[in-house]
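Single-structure report; data block below.
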Amino acid sequence: MNGVFTFLVVSGILVAAFTGNMGAVTSAALNSATSAVERILGLIGVITLWLGVARIAERSGLLKLMTVLIQPLVGFLFPSVPRGHPAMGAMLMNMSANLLGFGSAATPFGLKAMGELQRLNPDKETASEAMCTFLAINTSSVTIIPATVIALRAAAGSINPAEIVTTTLFATTCSTLTAVIADYWFRRRSRRKKWR
């Protein structure tokens, strides 16, 4: 990805230099930098609010309640992970935080879950089925409240920044179902190849 962006920036500068539009490039770069700083400053308050809500949700036990609610589903999706193993707890906390749109709170749990899953992995050079399933679910993640996107919309001056909740829930549900189905299909295909 870095190579793609480097190519785009360098080719844009070269084309501007050959066509005599370097002033426009400089002006656009400065305007974009100013706009980025203004957007970041606008987000600080909203993101701080959501991080505070995430901390309250964690300390009040809301994340643990979500964990209890989704535990049967997670046990079904990860049959190779023993019940009560630290990997299961970290995965449940990660998924609960993602459900509530607290991506910043979910990341440490996701990293811990992957570390614990690696300990269970008999082949340290290849990702286990549980690791692949967790990655698919974590990447697509059903989100009930898209806190970060709401914050971005509020910072951009949206009249109703939370109006995307329903469409986000629908889209993330579809993406997670697709990820789980694809993971299951590839897993079965891989097992068939091993038996041949």
Exercise. Once phi is turned into ³J(HN,Hα) by the Karplus curve 6.51 cos²θ - 1.76 cosθ + 1.60 with θ = phi - 60°, what whole-Hz value does each residue of the stretch 2-8 show in order, with x for glycine and proline?
Worked result: 4, x, 5, 5, 4, 4, 4
Problem set entry | Nitroxide proxy distance, nm - points 7 Å out along Cα→Cβ at residue 35 and residue 10 | 2.6
Exercise. Label points 7 Å out from Cα along the Cβ direction at residue 48 and residue 125: separation in nm?
Worked result: 5.1
Seminar exercise, completed: Expressed as a whole-number percentage, the relative contact order of the stretch 111-186 with C-alpha contacts under 8 angstrom and at least six residues apart is 34
For this session: Place the peptides 133-143, 2-12 in order of packing, highest mean first, counting for every residue the other Cβ atoms within 10 Å and averaging per peptide.
Result: 133-143, 2-12
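Compute the Kirkwood hydrodynamic radius of the stretch 43-195, taking the inverse of the mean of 1/r over all pairs of distinct Cα atoms, and give it in Å to one decimal.
16.5
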Exercise. Given charges of +1 on the Cβ of Lys and Arg and -1 on the Cβ of Asp and Glu, with all other atoms neutral, how large is the dipole of the stretch 43-195 about its Cα centre, in debye to the nearest 20?
Worked result: 520
Exercise. By how many degrees, between 0 and 90 and to the nearest 10, does the Cα long axis of helix 62-77 differ from the longest principal axis of the chain?
Worked result: 60
Seminar exercise, completed: The rounded separation in angstrom of the Cα centers of the stretch 78-115 and the stretch 130-196 is 15
Seminar exercise, completed: With only helices counted (DSSP H, runs n ≥ 4, each -39500 (n - 2.57)), the per-residue ellipticity at 222 nm for the chain, to the nearest 500, works out to -27500 deg cm²/dmol
Exercise. What area, in nm² and to one decimal, does the C-alpha convex hull of the stretch 118-161 cast on average over all directions?
Worked result: 4.6
Exercise. With the contact rule set at Cα under 8 Å and sequence spacing of 6 or more, what percent relative contact order holds for the chain?
Worked result: 18
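Rule-based calculations on the coordinates, nothing more; no lab input. None of the values given here were measured: they were computed from a predicted structure. A quick note on method: Cβ atoms are made from the backbone with ideal geometry, for glycine too, and the neighbour counts reach across all protein chains shown.
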